[in-house]
Amino acid sequence: MIDLTRTTGQKLLFEGKHEQAVPAAMQSLRFAIEVHGLASIELVPSYLILGEASIGLGKLSQAEEYLMQAQWTVLKTPECSNAIKSKLHRNLGLLYAAKGDDEEALRHLADDIYHASEEFGTDDIRTSGGYFHMANVFFRQNRMDVADSLYERVTNIWYGYLLKIVQIRTKTPATPKGIPVAGDSHGLDEDGLDEAQEAEAIQVLNSIYDIREQQQKNKPLITAKISHALAMLYYILHHIDKAKEFGRRAVVSSEDAPNEELSRSIVELMKVFDNIMLSV
């Protein structure tokens, strides 16, 4: 029940439903206290969800209280995992970004990336959130070269992960040459994403797509890749109409993109969509 309520709370946060995330996080906190007591490191994930929800609601003082409680628990727990430290620093980064303290936000997000990389690797979807939020800070500063490179890294990480899921579902051959796949599969099955990760992928990839669309100097290869990533995501989520929509956008962009392997991969995915529509 602890994991279920936390996953629900995290999913609601990625969907922008901050107020609705609070009851789920409070429920997970109560369950964790009943099982582990008041001073356990197991309470920290619930505090972090409550902190992030408070940031989203603009209640920064309340958010700081939750995050300071989480930080105190982490500091007094030498055996605390890098995964929890990563999430703590990510939320502290979001708090300072909301306060307008970009320097402190970037410091915490760098710590987030460090601990996530230690736990999962530098190119894991669980590390990518740190890159994404760091990119957002640079984007607000109009430091577009840095922001663009970070957004591209996030895109590549999700692209590689989603591609593996699609390959498993469609029984395609190994990754085509020239298409980077980040990290290993971590025992990836055909589902591959929990509810929170699904919501995160939707939020992150659509945000990056919107930014790419608004840029005056639109780069076809980058647009094709983010469109292809979204097509794969919506295919995995069984939203075939949306998958086809982004697949068509990927095809259009790839016509101007000098990457034959990427273009071929997009066309193969579109054939999968056509087969699905024919079988309905």
Worksheet item: Somewhere in the stretch 8-21, is a residue part of a helix (DSSP H, G or I) and either open to solvent by 70 Å² or more (accessible area, probe 1.4 Å) or in contact with a strand residue (DSSP E or B) (Cβ under 7 Å, 6 or more places away or on another chain) (or both)?
Response: yes
Worksheet item: Looking only at residues in the stretch 23-36 that are in contact with a Gly (Cβ under 8 Å, 6 or more places away or on another chain) and aliphatic (A, V, I, L, M), which one is surrounded by the fewest Cβ atoms within 10 Å (Cβ to Cβ)?
Response: Ala24
Response to the item:
Taking first residues from the stretch 128-145 that are in a loop (DSSP other than H, G, I, E, B) and second residues anywhere that are open to solvent by less than 10 Å² (accessible area, probe 1.4 Å), the pairs with Cβ under 9 Å that are 6 or more apart or on different chains are Gln141/Ala147; Arg143/Val137
Worksheet item: Restricted to the stretch 240-257, and to residues that are open to solvent by 60 Å² or more (accessible area, probe 1.4 Å) and touching a helix residue (DSSP H, G or I) at 6+ places or on another chain (Cβ under 7 Å), which residue is nearest to Ser227 (Cα to Cα)?
Response: Arg249
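Open to solvent by 10 Å² or more (accessible area, probe 1.4 Å), at pLDDT below 95 and over 22 Å from Ala243 (Cα atoms), is that true of Lys177?
On the way: open to solvent by 10 Å² or more (accessible area, probe 1.4 Å): yes; at pLDDT below 95: yes; over 22 Å from Ala243 (Cα atoms): yes.
Considered against the rule, which asks whether it is open to solvent by 10 Å² or more (accessible area, probe 1.4 Å), at pLDDT below 95 and over 22 Å from Ala243 (Cα atoms), Lys177 comes out as yes.
Select from the stretch 70-91 the residues that are assigned to a helix (DSSP H, G or I) and free of Cβ contacts under 8 Å to residues at least 24 places away in the same chain and write down the one among them that is nearest to Asp102 (Cα to Cα).
Pass one, the stretch 70-91, residues assigned to a helix (DSSP H, G or I): 70-75, 82-91.
In the following step, the residues that additionally are free of Cβ contacts under 8 Å to residues at least 24 places away in the same chain were identified as 71-72, 75.
Values: Gln71: 20, Trp72: 23, Leu75: 24 Å.
Checking each candidate, the answer is Gln71.
Here's the yes/no breakdown for (1) among the aliphatic types (A, V, I, L, M); (2) farther than 20 Å from Gln167 by Cα:
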| residue | (1), (2) |
| --- | --- |
| His239 | no, no |
| Val251 | yes, no |
| Ala257 | yes, yes |
| Leu269 | yes, no |
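The values are calculated or read from the model by the stated rules, or taken from the named source; none is laboratory data. Small disclaimer: the values here were computed from a predicted structure and weren't measured. So basically every Cβ, Gly included, is an ideal-geometry build from the backbone, and we count neighbours across all protein chains shown. Remember, those area values only see protein heavy atoms, side chains included, never the ligands or the DNA or RNA. Shrake-Rupley method; radii C 1.70, N 1.55, O 1.52, S 1.80 Å.
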